[in-house]
Amino acid sequence: MAGDPAERRDGARLLVLGAGPAQLGLLAAARRHGLYVIAVDRDASAPGFRYADRRAIVSTEDEPGIERLASAERVDGIIAPGIDWPVAIAARIAERLALPHPISPETAALSTSKLRQRERFAQAGVPQPRYVVGAGAAEAVEAANDLGYPVVVKAPDRQGQRGLTLVAEPRRIASAVEIALDASRSAALLVEEHVAGRELTVNAFSVGGRFRPLTVTDRVTAEPPAFGVALAHVWPSEVEPRQIAAAIDAAGAAAASVGIASGPSYTQVLVGEDGEVRVGELAARLGGGHDAELCRAVLGVDLNGLALAAALGRPVTPQQLAPVARAGGGCVRFIVAPAGELRDVSGLEEAYAVDGVKGIRLYRKPGHAFGPLLRGSDRAGAILATGESREAALGQADRAAALIRFGVDAVASPPLERV
């Protein structure tokens, strides 16, 4: 995850949408593969900028601005790893500029809308949670009564827990609807049944229309109010083999239903207490939780490198997808800092020295104010570790995390206004 040296330049120019925590692995891989990288992010302090040859302080959702930049820089490819909405922007710009791209704008649009992909899943018979589309509190209450509490209320076009609420009782519906509609880019929201059980992530790469699963990981999540926030991705999954096979089949069917024939895909699959699998959501991109780095660590498959090749129109062979190594277990374990303004970080050398630790990513610089853990963006960093088993990998990651100390200062609350 850290410390990869740059190789000689190969001349290709790549535009990467995003330079935040979710793009760190891809950006580091681009440097390792010798590409000339132009990175786009509205945050001037984004940690991924250190891997870029050129940085552009532009929002990843500013489509006209990104297109002008891509044209001016004469890029050979464009990619949006780890974040949903820019996936569609990248596909549209690639088509208009006649750049290679693994997916069409139509497929990208389907993969970035939870509502539209749910409709496609239904048409294709892909197992998924029951859901109802709504536009206000009254419809949401009716939907929740029909589905049965608890339910999940979400914006259909956001990620990273934005506009997402787990609702356990009717009196919480109104506020959940307000949160979803405030985050939504449209006037719609989704009310879905809550599938209690386990969460898996299927990371795959498609070549020539064939879906090739790579890692199937257990997604360990935080307790509410941080509903849906991953604390760890752990490989291999400990669910039953038949459920893993069913999860892979469901993820492959979901990818096919939205038209993913080439490139990476990231699918969250729910394994209910009844043992049945349902597709939670799918993205036509690399996962944003260092999933590709974990894949490389445990299987020896350079998933970031494959995504780079797809973005540049370079061939990917089945041999590149074949595991060449196999660890007993591995994990990405996220780090959570105490609330306050970051002053310094210590203990990194000791953490790196823990057996099995392959890399450590820190997301924030001194001066950043940490609040309570509510979204994925509130995490402070991540540790990649391997071991003889999944339990050993987690144990080593936990030991490393305990050695990392965040020095924070209390942040003063804003003064109350006089009435």
**Item:** Helix-only mean residue ellipticity at 222 nm for the chain, each DSSP H run of n ≥ 4 adding -39500 (n - 2.57), per residue, nearest 500
**Value:** -9000 deg cm²/dmol
**Item:** Debye, to nearest 20: dipole size of the chain, +1 on Lys, Arg Cβ, -1 on Asp, Glu Cβ
**Value:** 1060
**Fill in**
Counting only protein heavy atoms and rolling a 1.4 Å probe, one gets per residue an accessible area for segment 247-303 in Å² of 25
**Fill in**
The convex hull of the Cα atoms of segment 42-174, divided by residue count, gives a volume in Å³ per residue of 148
**Complete:** segment 148-276: relative contact order from alpha carbon pairs under 8 Å, six or more residues apart, as a whole percent, is 25
**Prompt:** Taking Rh as the Kirkwood radius computed over C-alpha pairs, what is the Stokes-Einstein D of the chain at 20 °C in a medium of viscosity 1.002 mPa s, expressed in µm² per second?
**Reply:** 98
**Item:** Computed lengthening from A168 to S45, 0.36 nm per intervening residue step minus Cα-Cα distance
**Value:** 40.5 nm
**Complete:** Quick P(r) readout (segment 12-73; Cα-Cα; 10 Å bins; whole %) gives 26, 57, 17
**Request:** Would you work out which of H368, F406, L342 lies farthest towards the positive end of the dipole of segment 281-419, given +1 charges on the beta-carbon of Lys and Arg and -1 on that of Asp and Glu, about the Cα centre?
**Result:** H368
**Complete:** In this structure, the FRET efficiency calculated for A98 and D10 from their beta-carbon separation, with R0 = 22 Å, to the nearest 0.05, is 0.60
**Fill in**
Most fluctuating of G228, G275, G82 in the GNM of the chain (C-alpha, under 10 Å) is G275
**Request:** Could you pull the Rg and Dmax for segment 110-198, using just the Cα atoms, both in Å?
**Result:** 12.1, 35
**Prompt:** In segment 16-128, what percent of the accessible surface is made up of carbon and sulfur (1.4 Å probe, ligands and nucleic acids excluded)?
**Reply:** 47
**Asked** In debye, nearest 20: dipole of segment 37-95 around its Cα centre with unit charges on the Cβ of K, R (+) and D, E (-)?
**Response** 220
**Message:** Taking a cut-off of 22 Å, what percent of all Cα-Cα pairs in segment 159-244 are separated by more than that?
**Reply:** 45
**Complete:** With the dipole of the chain defined by +1 on each Lys or Arg Cβ and -1 on each Asp or Glu Cβ, the option from A253, L26, L231 whose Cα lies farthest towards the positive pole is L26
**Fill in**
Among the Cα-Cα pairs of segment 239-374, the proportion with separation greater than 25 Å, in percent, is 45
**Fill in**
Kirkwood Rh over alpha-carbon pairs of segment 169-306 plugged into Stokes-Einstein at 20 °C, 1.002 mPa s gives a D in µm²/s of 133
**Asked** Given the C-alpha centroids of segment 255-271 and segment 70-94, what is the distance between them in whole angstrom?
**Response** 19
**Dimensionless Rg/Rh of segment 57-101 - Kirkwood Rh, Rg from C-alpha atoms** = 0.91
**Request:** Before anything else, pin down the relative contact order of the chain: Cα pairs under 8 Å, at least 6 apart, normalised by residue count, whole percent.
**Result:** 14
**Fill in**
In whole percent, the Cα-Cα distances of segment 318-407 spread across 5 Å bins from 0 upward as 3, 14, 23, 19, 16, 12, 7, 4, 2, 0
**Request:** Whole Å is fine, so just give me how far the alpha carbon centre of segment 130-162 lies from that of segment 278-332.
**Result:** 32
**Complete:** In segment 137-240, taking the dipole from +1 charges on Lys and Arg beta carbons and -1 charges on Asp and Glu beta carbons about the Cα centre, the listed residue (N203, V153, A188) farthest towards the positive end is N203
**Asked** For segment 1-107, what value does the Rg/Rh ratio take when both radii are computed over Cα atoms and Rh is the Kirkwood radius, given to two decimals?
**Response** 0.94
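The values are calculated or read from the model by the stated rules, or taken from the named source; none is laboratory data. What you see is a predicted model; the values in this text were computed from it and never measured. Virtual Cβ from ideal backbone geometry, glycine too; neighbours counted across all protein chains shown. Note: accessible area is taken over every heavy atom of the protein model, side chains too, but ligands, DNA and RNA are not part of it. Shrake-Rupley method; radii C 1.70, N 1.55, O 1.52, S 1.80 Å.
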